[in-house]
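The values are calculated or read from the model by the stated rules, or taken from the named source; none is laboratory data. Keep in mind that what you see is a predicted model, and the values were worked out from it rather than measured. Here Cβ is always computed from backbone atoms with ideal geometry, including for glycine, and neighbour counts include all displayed protein chains. In case anyone asks, the SASA skips ligands and DNA or RNA and just uses the protein heavy atoms, side chains included. Shrake-Rupley method; radii C 1.70, N 1.55, O 1.52, S 1.80 Å.
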Amino acid sequence: MTETITIPLDSDAARLYSQAPADVQKKFRLLVGLWLREFIESPRSLEVVMDEIGRKAEQRGLTAEALETLLDAE
């Protein structure tokens, strides 16, 4: 089950999201959900959580270059 929430973003980020293909938007929503759960449920700082998520992504084959390509996709 999913629910809709509103998250304020800067204009460029909002534009990029709205112009992204549906599959990229879905991946982004999944990623934000993971980040949110990790951050809220963890007593660790956001920086520590983000570093850990980055390491896990790399272990699963998501290189920095691949992530940049995904984020640059319009």
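Tabulated values for the structure
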{"read-out": "Close pairs (9 angstrom Cβ cut-off, 6 or more residues apart or separate chains): farther than 17 Å from GLY33 by Cβ and without any contact (Cβ under 8 Å) to a residue 60 or more places away in the chain in segment 2-21, of a type in the set (Phe, Trp, Tyr) and exposed (fewer than 10 other Cβ atoms within 10 Å of the Cβ) anywhere", "value": "none"}
{"read-out": "Residue match in segment 30-44 (condition: touching a Phe, Trp or Tyr at 6+ places or on another chain (Cβ under 9 Å) and at negative phi)", "value": "no"}
{"read-out": "Residues that are hydrophobic (A, V, I, L, M, F, W, C) and at pLDDT 90 or above, drawn from segment 25-57", "value": "none"}
{"read-out": "Residues being in contact with a helix residue (DSSP H, G or I) (Cβ under 6 Å, 6 or more places away or on another chain) and open to solvent by 80 Å² or more (accessible area, probe 1.4 Å) - total across segment 21-45", "value": "1"}
{"read-out": "Out of ARG15, ARG37, ARG44, sole residue that is within 15 Å of the chain's Cα centre (by Cα) and among the basic types (Lys, Arg)", "value": "ARG37"}
